[in-house]
Amino acid sequence: MTTPIAVITRLEGSDERQWMEALAAVLPEERLVLFRDMTEAQRQQAEVAVVANPDPADVAALPNLAWIHSLWAGVERLVAELGPSLPIVRLVDPEMSRVMAEAVLAWTLYLHRDMPAYARQQQARVWRPLPYRRPRSLTVGLLGLGALGTAAAGRLMDAGYTVRGWSRSPKELAGAETLSGDAGRAATLAASDVVICLLPLTAATRGLINKDRLALMKPMSSLINFGRGPLVVTSDLIAALDAGHLSYAVLDVFDQEPLPPDSPLWAHPGITVLPHVSAPTDRQTAAAIVAANIRAWRASGRIHAAVDRTRGY
Ligand SMILES: NC(=O)c1ccc[n+]([C@@H]2O[C@H](COP(=O)([O-])OP(=O)(O)OC[C@H]3O[C@@H](n4cnc5c(N)ncnc54)[C@H](OP(=O)(O)O)[C@@H]3O)[C@@H](O)[C@H]2O)c1
C-alpha cells in the first residue's frame with residue numbers, strides 16, 4: 001500500500017473541497033487526505049504534500065516528507081517559511097502561461113490603443129482622435145522570460161509588437177531581443193514603451209522597480225505588474241506617474257492583498273487596479289500536472305524540477 005498524500009491548505013471550505021475533488025479525479029490510485037483529517041500514523045507516513053497557502057507548522061508536522069507540490073506558480077512564501085532542505089515543486093502549467101499571455105496582450109492593447117486617454121476624454125466630453133501607432137512601432141519590454149514571460153513574448157510578437165526580454169541568465173527567443181545583467185535591464189527599461197513585470201519575488205527582485213529604475217524608463221511609457229506587488233516600490237511608482245514621467249500603470253498584484261480600501265492606488269487617475277486575476281490557476285489542468293508529477297515520482301523516485309532555494313525561484 002502506498003503512503004498517503006497530505007493536502008495542506010488554508011483555502012476557504014468550498015475552494016478546498018473543489019481542489020480535493022479535482023485531485024481525487026486525476027489521482028484515483030492515491031489516498032489524498034486533508035492534513036487536519038490525518039491520523040498520527042498517516043502524518044508519520046506521508047512523503048508528499050500538495051499545498052496551497054499552508055500553515056508552515058502543518059508542513060513541519062509531517063516528519064517524513066520527501067517533497068511538496070505547490071498549487072501556485074509563485075512560491076516566495078514557501079521559500080521563506082519552509083526549511084531549506086525540503087524540495088518545493090511549483091506549478092508550471094501551459095494553460096496558466098496561455099492565460100497570462102492573453103492578459104499581457106489585452107492590457108498591452110489597452111495601452112497601445114490609448115484607452116486610458118479616451119476614457120479621460122469621454123469624461124470631459126472631448127471628441128479628439130489620437131494618432132494611430134502600428135504595433136511594430138511599440139517596444140514591449142518583458143522583465144522575466146520564464147514560463148509566463150516566454151509565452152507572453154510569443155503572443156506579443158504574434159500581435160506585431162517589437163519585443164525585448166530581460167532575464168537573469170542569457171536566453172534566446174526567436175524574433176525578440178533578449179538581454180540579461182544590469183546593463184541589459186537598463187537597456188530594456190530605456191527602450192520600452194510598455195514594461196511588463198513577470199519576475200518571481202526573491203531577495204534579488206524585491207523593490208527592483210524603484211525610483212532609480214523608474215527614472216531609466218522611457219518618458220511617457222507604461223508599466224504592467226503581473227508578477228508580485230513588492231517587485232515595485234509603490235510610492236516611487238506614484239511619484240513617477242505624478243511627475244508625468246510615466247503615463248500609466250496596470251497593477252494586478254500588491255504589497256497587501258486584498259488592496260486596503262485606504263490605498264492611494266485605488267483612486268489614482270494613472271492606475272488600473274486588478275484583483276490578482278491576470279492568470280488564475282485552472283483547477284483541472286493544474287490537478288492533472290500535479291498528478292503527472294506525483295506519478296512520475298512514484299514510478300522513478302525522481303522529484304520533478306524543484307525550486308532552487310538559493311536563487312529563491
Ligand atoms: N498575477 C498572477 O495572476 C500570477 C500568476 C502566476 C504567476 N505569477 C507570478 O509570475 C512569476 C513568474 O512566473 P514564471 O512561471 O514565469 O516563473 P519562472 O518560470 O521561474 O521565470 C522567472 C523569470 O524571471 C527571471 N528572473 C528571476 N530572478 C531574476 C533576477 N534577479 N534578475 C533577472 N531575471 C530574473 C528568470 O530568469 P532565468 O530565465 O535566467 O531563470 C526567469 O526568466 C511567479 O513567480 C509569480 O510570482 C503571477
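Applying the criterion of being surrounded by fewer than 18 Cβ atoms within 10 Å (Cβ to Cβ) and small (Gly, Ala, Ser) to the residues of segment 110-145, the residue that is farthest from Met100 (Cα to Cα) is Ala124. Which of the residues that make up segment 242-291 are within 14 Å of the ligand (Cβ to nearest atom), of a type in the set (S, T, N, Q), over 30 Å from Glu30 (Cα atoms) and assigned to a loop (DSSP other than H, G, I, E, B)? Correct list: Ser278 only. Go over the candidates Leu105, Leu91 one by one and state the one that is touching a Phe, Trp or Tyr at 6+ places or on another chain (Cβ under 7 Å) and either closer than 29 Å to Pro280 by Cα or surrounded by 14 or more Cβ atoms within 10 Å (Cβ to Cβ) (or both). Matching residue, one of Leu105, Leu91: Leu91.
Output the helices (runs of 4 or more DSSP H) that fall wholly within segment 90-209 and possess 3 or more residues being in contact (Cβ under 8 Å) with a residue 40 or more places away in the chain and among the charged types (D, E, K, R), or say none.
Qualifying helices (runs of 4 or more DSSP H): 94-112.
In this structure, is Pro230 under 21 Å from the mean Cα position of the chain (by Cα), closer than 30 Å to Leu214 by Cα, outside any loop (DSSP other than H, G, I, E, B) and not polar (S, T, N, Q)? The answer is yes for Pro230. For segment 159-171, which positions are away from the ligand (no atom under 11 Å from the Cβ) and not small (Gly, Ala, Ser)? Within segment 159-171, Tyr161, Thr162, Val163, Arg164 qualify. For segment 241-276, a tally of residues being among the hydrophobic types (A, V, I, L, M, F, W, C) and farther than 12 Å from Ile224 by Cβ returns 8.
Scanning segment 74-131 for residues that are among the small types (Gly, Ala, Ser), within 12 Å of the ligand (Cβ to nearest atom) and out of contact with any helix residue (DSSP H, G or I) (no Cβ under 6 Å at 6 or more places or on another chain) gives Gly74, Ala103.
Check whether at least one residue in segment 30-45 is under 25 Å from Asp282 (Cα atoms) and among the basic types (Lys, Arg), and report yes or no. Checked against the condition, which is being under 25 Å from Asp282 (Cα atoms) and among the basic types (Lys, Arg), segment 30-45 yields at least one hit.
Every read-out reported here was derived from the displayed coordinates using simple, explicitly stated rules and does not represent laboratory data. Here the structure is a predicted model, which is why all the values come from computation and not from measurement. Backbone-built Cβ (ideal geometry, glycine too); neighbour counts: all protein chains shown.
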